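Working notes, structure below.
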Amino acid sequence: MLTILVPFLASTSEAIADSTTASETQPVTIRFAAKVGDLPFSCGSNYRLGQPATNQTLSDFRFYISDVALIDETGKTVPVTLEQDGKWQHQTVALLDFENKTGACTNGTVEMRDRIVGTVPKGNYTGLKFSLGIPFDLNHEDATLASSPLNLTGLWWNWRLGYKFARIDLQNSDMVQSTNKHQQQETSSGFPIHLGSTGCQAGSTIEKPTSCSNANRASVILTEFDPAKNVVVADLERLVSSSNLNQNQPKTAPGCMSEPNDEDCTSIMTNLGLPFMNRPVTTQTFFLVE
């Protein structure tokens, strides 16, 4: 009898434990939206952006977030356990994708994603915290071998630098002027914004880096956020509010590629709440609650 009852009792105990765990948690969905001021982001649509304002066509709008947590009424930060769906969420990382590979968005994917899904302990929550970026231990994997959503090579630089935490690409009808290293005039027709880590050090080109001098992972805290009612808005108009999108610093890549010597990144990094060029860190303005 004992040899029959012991497995039965063990399986019953496991079922009770699973039931107890489920009863102590609640599902949570956190919705995101990509906007340009009051207008929704749309592939190929034209917007007046920057300072001075110029016509820009948007061709990509994707970003990774990680370490998502809700903030309860006492101010305690409570991590969200992400659903491991094998596609949009992996470990503590989630991809938000607002392009659909139509029109100007030729570098993207057809499928879109505007939310994260997971569970939290039961409670009342009034705030949200997350990082714009990917944790160091996951950031330096081979995208051709990584699990989804870290397998998108269009969101990956290389093994040493890692992923593009955000990819927001702008195109314009006016040619952006810059000067190359040979003092020759060069032109490009876009202002890509690619956020990622720089200054990553490794023993050789075939080794993972041991550290990066510029992690460039932005911490975001949003108060007065109710996941049942509110949406997190990523507002491109705010991000480039002080950027001249029709100029490019000489001897640098077009737009902002997160390089620490690129002054085209200065106001963008400031609006992300990141330290840059010895400027003091300020509160980010890219994300807001609606």
Query raised in the report: Could you list, in sequence order, the residues of the range 235-266 that are of a type in the set (S, T, N, Q) and in contact with a Leu (Cβ under 9 Å, 6 or more places away or on another chain)?
Result: Ser241, Ser243, Ser258
Query raised in the report: Take the residues of the range 146-164 that are hydrophobic (A, V, I, L, M, F, W, C) and over 15 Å from the mean Cα position of the chain (by Cα): which is nearest to Glu99 (Cα to Cα)?
Result: Ala146
Query raised in the report: Taking the range 197-215, which residues are part of a loop (DSSP other than H, G, I, E, B), surrounded by 16 or more Cβ atoms within 10 Å (Cβ to Cβ) and out of contact with any helix residue (DSSP H, G or I) (no Cβ under 8 Å at 6 or more places or on another chain)?
Result: Lys208, Pro209
Report summary line: Per the list (1) in a helix (DSSP H, G or I); (2) under 15 Å from the mean Cα position of the chain (by Cα), residue check on Arg167 breaks on (1)
Query - Out of Ala228, Ala234, sole residue that is within 30 Å of Gly123 (Cβ to Cβ) and buried (at least 21 other Cβ atoms within 10 Å of the Cβ) - result: Ala234
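Only the coordinates and a few stated rules stand behind these numbers; no lab work does. Just so it is clear, the structure is predicted and the values come from calculations on it, not from any experiment. Backbone-built Cβ (ideal geometry, glycine too); neighbour counts: all protein chains shown.
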